[in-house]
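Okay, so here's the structure we're looking at.
The values are calculated or read from the model by the stated rules, or taken from the named source; none is laboratory data. None of the values given here were measured: they were computed from a predicted structure. Positions of Cβ are generated from backbone atoms using ideal geometry, with glycine treated the same way; all protein chains shown enter the neighbour counts. Heads up: the accessible areas ignore ligands, DNA and RNA and are worked out on the full protein's heavy atoms, side chains in. Shrake-Rupley method; radii C 1.70, N 1.55, O 1.52, S 1.80 Å.
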Amino acid sequence: MHGGSAHRKLNMKSALRRQVLRNLTTDLIKHGRLETTMPRAKELRRLVDKMITLGKRGGEHERHQIEAYLYQPKAVVPLLMDTYAKRFSTRPGGFTRIIPIGNRLGDHAPMAVIEILNTEEPESEVSFSYLVRSLATMQLKEETKIVNKALAPTPAEDSVYADKRSFKKALDEHRSKEKFALKIKKAMKNASLSADQLQEIVDRDMDRAKVLHDKETGKSVHRFAKDTWPENTPVLE
């Protein structure tokens, strides 16, 4: 009888798999985020949450457990037992976030960014940067202020649909807009931002994309913004 799978094998032998995950866990704790394949990110999330939980306990035995598993203990242990322990003192779990970023060229492997949450500076998270990028792209296409419009999506009341398929498509689009509005509200709450402040950030990022576009020719501004968008998230001055 086949038993359950305790973890992902990642197409590696056990010794190599353990070494790779120890390296990735050390790098993620040290740098705060990294890009890897989706299966590795999901396996990495479990290990990083365990290490942060050990750091929150703060005992000598927990310190020895961390040092026995992670590389570079002199750099990593202070982060776990001081920085992350204070940041997540009131949070019982879920210390990381995984963001899909598409498939890798070549082998078409699903890629993701995994990052440790930053409750003190939510604007520095990759998810906030992607949200600003999405809003700015929408604003470029519609050429109007987008934040208040995205926060309160309204269905078209006088629309006439040819069949059930077109009606279902319009309904799915409206539901996705409502889901995106909830994501915006959650990001604003985490970052303690008003709609006007978020609109300022979106305008600033859109202006930056237009400046970069002026240096290029032969591309539409929307395509150029998608290809060469600055990765650094703008912050309020």
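Descriptive notes on the structure:
- Positions within the stretch 67-122 being within 20 Å of the chain's Cα centre (by Cα), in a helix (DSSP H, G or I) and over 20 Å from LEU47 (Cβ atoms), in sequence order: PRO122
- The single residue among ASP49, ASP27 that is touching a strand residue (DSSP E or B) at 6+ places or on another chain (Cβ under 6 Å) and assigned to a helix (DSSP H, G or I) turns out to be ASP27.
- Scan the stretch 57-70 for residues that are open to solvent by 70 Å² or more (accessible area, probe 1.4 Å) and touching a Ser or Thr at 6+ places or on another chain (Cβ under 8 Å) and the total you get is 0.
- Looking only at the stretch 63-81, and only at residues there that are of a type in the set (D, E, K, R) and without any contact (Cβ under 8 Å) to a residue 12 or more places away in the chain, the one that is farthest from PRO122 (Cα to Cα): GLU67
- Complete set of residues in the stretch 102-130 that are hydrophobic (A, V, I, L, M, F, W, C), modelled with pLDDT of 85 or more and surrounded by 14 or more Cβ atoms within 10 Å (Cβ to Cβ): MET111, ALA112, VAL113, ILE114, ILE116, LEU117
- Residue match in the stretch 193-202 (condition: open to solvent by 70 Å² or more (accessible area, probe 1.4 Å), of a type outside the set (A, V, I, L, M) and either at pLDDT below 65 or under 26 Å from ASN118 (Cβ atoms) (or both)): yes
- For GLU35, the conditions (1) within 12 Å of ILE114 (Cβ to Cβ); (2) assigned to a helix (DSSP H, G or I); (3) open to solvent by 30 Å² or more (accessible area, probe 1.4 Å) are fulfilled apart from (2).
- Cβ pairs under 9 Å, 6+ apart, first in the stretch 176-201 and under 16 Å from LYS145 (Cα atoms), second among the basic types (Lys, Arg): GLN199/LYS145
- For ALA15, the test of being open to solvent by 30 Å² or more (accessible area, probe 1.4 Å), over 22 Å from GLU121 (Cα atoms) and part of a helix (DSSP H, G or I) is passed.
- Hits in the stretch 74-90 - residues which are open to solvent by 50 Å² or more (accessible area, probe 1.4 Å) and more than 15 Å from HIS31 (Cβ to Cβ): LYS74, ASP82, LYS86, SER89, THR90
- Applying a threshold of 8 Å to beta carbon distances and a minimum spacing of six or more residues, or different chains, the list of pairs starting in the stretch 139-155 at a residue that is in a loop (DSSP other than H, G, I, E, B) and ending at one that is among the charged types (D, E, K, R) reads PRO153/LYS177; PRO153/GLU178.
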